[in-house]
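> Below is the structure I would like to discuss, written out as structure tokens.
The values are calculated or read from the model by the stated rules, or taken from the named source; none is laboratory data. What you see is a predicted model, and the numbers here were worked out from it, not measured in a lab. For neighbour counting, all protein chains shown are included, and Cβ atoms are generated from backbone atoms with ideal geometry for every residue, glycine included. Please note that ligands, DNA and RNA were not included when accessible areas were found on the heavy atoms of the full protein model with its side chains. Shrake-Rupley method; radii C 1.70, N 1.55, O 1.52, S 1.80 Å.
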Amino acid sequence: MKNKILVTGGAGYIGSHTCIALHEAGYEVVVYDNLSNSSREAINRVSTLIGQTIVFIEGDVRDDELLREVFASHEFFGVIHFAGLKAVGESVAKPLLYYNNNVSGTIALLEVMAEYDVKNFVFSSSATVYGDPETLPIHELSKRSCTNPYGQSKLAVEYILEDLAISDKSWNLIALRYFNPVGAHPSGQIGEDPNDIPNNLMPYISQVAVGKLDKLSIFGNDYPTVDGTGVRDFIHVTDLAQGHVAALSYLEQQISPEENCLNTAIAKQTSAKSGSVGFLPINLGTGKGTSVLELVTAFAEVSKQPIAYQFVERRAGDIASCYASADKAQALLGWQAKLSITDMCQDTWRWQNMNPNGYQAS
Ligand code: NAD
Ligand code: UFG
């Protein structure tokens, strides 16, 4: 059985947690990352946590020559494609960078995969493809629309994957649409390490709690939500990581239901038939919405630190509420999120406390 997985962007936040989950599920992992938004230290720590040196290749997904070398020297079952740039504000300022990195990078990777006949692909998509949702919870068939180049780059890749699946039935293409990933590995050894002042809520809160930042600005308190602040579907990054394992198990089972499934529990839960998956979008969320103020309160309780905040104007481009229907993931992959908001705050706080400067201090 081929169980080797190429993990692009595997040194990053979600990728590093997924490497651990993959190893625990019996997969062999090769990480390919240009370290543009991550550090070698994350890979070192993942190796320590799993008790085995991770195979790491420093490279860019747009470097098709290097990719060819990698595919020529390993026999992969499939690819999990995390590599991408993700800062919405930066994407507005540098759209070409985002389209080049996220869209051209994915095309280069898919072309090399085709050359080597590796056609199982799990793509990091995002709830951002739903734009401002018309109804909640958000289902996979909800209308897609985006308002910024980052979101457009994710949507563009989804369209490319759809066309690819139509053109050639041997591709198996899963787009996992993540809601709001937060939290860290329970060891406190790996977590989210923003380069600069964080754009996202959870790392901002934790840096206020640890004393690195003075106070949180809450963007708007006049939304039509439970307390006027924005509502999001926060999902623990280790639950998200398990979602990738479930997606791979699903692919294995589709391709060869009986002998190829590492996770027999999932094999039993789904009634798969041999054949191609085509393009399959799946939400990874908890199905529950939590407001900004609710998250601040939960974090203050867990950390026993006051979280100073002020209300400011709404942030341009933000929506009021966003949470997933997670039914499809449950039905097809046998996956559901298990961890609570308290777990997410506890694990973020442990990581923040043990690594006040992220990976830099080591
Ligand atoms: P991250 O920045 O921590 O990880 C991305 C990794 O990809 C980094 O290690 C970076 O160095 C690498 N990378 C970027 N461009 C590359 C390239 N051209 N070649 C090789 N490596 C490259 O981000 P993350 O939070 O772990 O996100 C992973 C994926 O999930 C991204 O595609 C992101 O858009 C998507 N996503 C993230 C979120 C989120 O809130 N974190 C939500 C939805 C979707
Ligand atoms: N927020 C604040 N203050 C902050 C940061 C955020 O009040 O300093 C609020 C936002 O207004 C929003 C909520 O906290 O109501 C969540 O904001 P985040 O920036 O943490 O997350 P978003 O939902 O805006 O976006 C994130 C990722 C996107 C991804 C999207 C859906 O940043 O890339 O989730 O997956 F597309």
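> Regarding residue 66, is this residue out of contact with any Leu (no Cβ under 7 Å at 6 or more places or on another chain), surrounded by fewer than 18 Cβ atoms within 10 Å (Cβ to Cβ) and at positive phi?
Considered against the rule, which asks whether it is out of contact with any Leu (no Cβ under 7 Å at 6 or more places or on another chain), surrounded by fewer than 18 Cβ atoms within 10 Å (Cβ to Cβ) and at positive phi, residue 66 comes out as no.
> Across the stretch 314-362, what is the total count of residues that are among the polar types (S, T, N, Q), closer than 30 Å to residue 35 by Cα and out of contact with any strand residue (DSSP E or B) (no Cβ under 8 Å at 6 or more places or on another chain)?
Residues in the stretch 314-362 being among the polar types (S, T, N, Q), closer than 30 Å to residue 35 by Cα and out of contact with any strand residue (DSSP E or B) (no Cβ under 8 Å at 6 or more places or on another chain): 7 in total.
> Answer yes if at least one residue in the stretch 168-175 is among the hydrophobic types (A, V, I, L, M, F, W, C), modelled with pLDDT under 95, closer than 20 Å to residue 324 by Cα and within 13 Å of ligand 2 (Cβ to nearest atom), and no otherwise.
no
> Can you tell me which residue is nearest to ligand 2 (Cβ to nearest atom) among those in the stretch 6-20 that are open to solvent by less than 10 Å² (accessible area, probe 1.4 Å) and among the β-branched types (Val, Ile, Thr)?
Per the stated criteria, the residue is 18.
> Search the stretch 245-258 for residues that are under 18 Å from residue 81 (Cβ atoms) and pair each with any residue that is assigned to a helix (DSSP H, G or I) and modelled with pLDDT of 95 or more when their beta-carbon atoms are under 7 Å apart and the residues are at least 6 apart or on different chains.
Note: pairs meeting the criteria are 245/21; 245/22; 246/333; 247/333; 250/332; 250/333.
> Moving on to the next point. Between a first residue in the stretch 196-209 that is without any contact (Cβ under 8 Å) to a residue 24 or more places away in the chain and a second residue that is hydroxyl-bearing (Ser, Thr, Tyr), which pairs have beta carbons less than 7 Å apart while being 6 or more apart in sequence or on different chains?
Sorted first by the residue in the stretch 196-209, then by its partner, the pairs are 198/204.
> Just give me the residues in the stretch 112-147 being part of a loop (DSSP other than H, G, I, E, B), of a type in the set (A, V, I, L, M, F, W, C) and either within 9 Å of residue 322 (Cα to Cα) or away from ligand 1 (no atom under 16 Å from the Cβ) (or both), in sequence order.
118, 136, 141
> With the structure loaded, tell me whether residue 254 is among the polar types (S, T, N, Q), at pLDDT below 95 and part of a helix (DSSP H, G or I) or whether it fails that test.
Yes: the conditions hold for residue 254.
> Same structure, new question: Restricting attention to the stretch 164-193, which residues are assigned to a loop (DSSP other than H, G, I, E, B) and not charged (D, E, K, R)?
Listed by number, the residues that qualify are 170, 171, 179, 183, 184, 185, 186, 187, 188, 189, 190, 191.
> Can you tell which of 316, 324, 331 is within 11 Å of ligand 2 (Cβ to nearest atom), under 25 Å from the mean Cα position of the chain (by Cα) and surrounded by fewer than 20 Cβ atoms within 10 Å (Cβ to Cβ)?
316
> Right, another one. Across the stretch 133-147, what is the total count of residues that are within 19 Å of the chain's Cα centre (by Cα), touching a residue at least 60 places away in the same chain (Cβ under 8 Å) and either within 11 Å of ligand 2 (Cβ to nearest atom) or surrounded by 17 or more Cβ atoms within 10 Å (Cβ to Cβ) (or both)?
The total comes to 2.
> Which count do you get for residues in the stretch 205-252 that are more than 22 Å from residue 349 (Cβ to Cβ), of a type in the set (D, E, K, R) and open to solvent by 10 Å² or more (accessible area, probe 1.4 Å)?
2
> For the stretch 160-178, give me each residue that is open to solvent by less than 10 Å² (accessible area, probe 1.4 Å) and within 13 Å of ligand 1 (Cβ to nearest atom).
175, 176, 177
> Among the numbered criteria (1) assigned to a loop (DSSP other than H, G, I, E, B); (2) within 25 Å of residue 134 (Cβ to Cβ), which single criterion is violated by residue 330?
Failed condition: (1).
> To continue, here is another question. Return the residue satisfying two criteria in turn: it lies in the stretch 72-95 and is within 15 Å of ligand 1 (Cβ to nearest atom) and open to solvent by less than 20 Å² (accessible area, probe 1.4 Å), and of such residues it is farthest from residue 125 (Cα to Cα).
Here the answer is 91.
> Separate question: Does the stretch 177-204 hold any residues that are of a type in the set (A, V, I, L, M, F, W, C) and farther than 16 Å from residue 322 by Cβ, and which are they?
Within the stretch 177-204, 184, 190, 197 meet the criteria.
> Restricting attention to the stretch 148-159, does a residue exist that is away from ligand 1 (no atom under 15 Å from the Cβ) and either under 16 Å from the mean Cα position of the chain (by Cα) or within 16 Å of residue 91 (Cα to Cα) (or both)?
Scanning the stretch 148-159 turns up no residue that is away from ligand 1 (no atom under 15 Å from the Cβ) and either under 16 Å from the mean Cα position of the chain (by Cα) or within 16 Å of residue 91 (Cα to Cα) (or both).
> Go through (1) in contact (Cβ under 8 Å) with a residue 12 or more places away in the chain; (2) at positive phi; (3) more than 16 Å from ligand 2 (Cβ to nearest atom) one by one and return the number of the condition residue 58 breaks.
(2)
> Any idea which of (1) without any contact (Cβ under 8 Å) to a residue 60 or more places away in the chain; (2) open to solvent by 20 Å² or more (accessible area, probe 1.4 Å); (3) under 17 Å from the mean Cα position of the chain (by Cα) is the one residue 129 doesn't satisfy?
Against the list (1) without any contact (Cβ under 8 Å) to a residue 60 or more places away in the chain; (2) open to solvent by 20 Å² or more (accessible area, probe 1.4 Å); (3) under 17 Å from the mean Cα position of the chain (by Cα), residue 129 comes up short only on (2).
> Quick one: which of 247, 316, 324 is of a type in the set (A, V, I, L, M) and modelled with pLDDT under 95?
316
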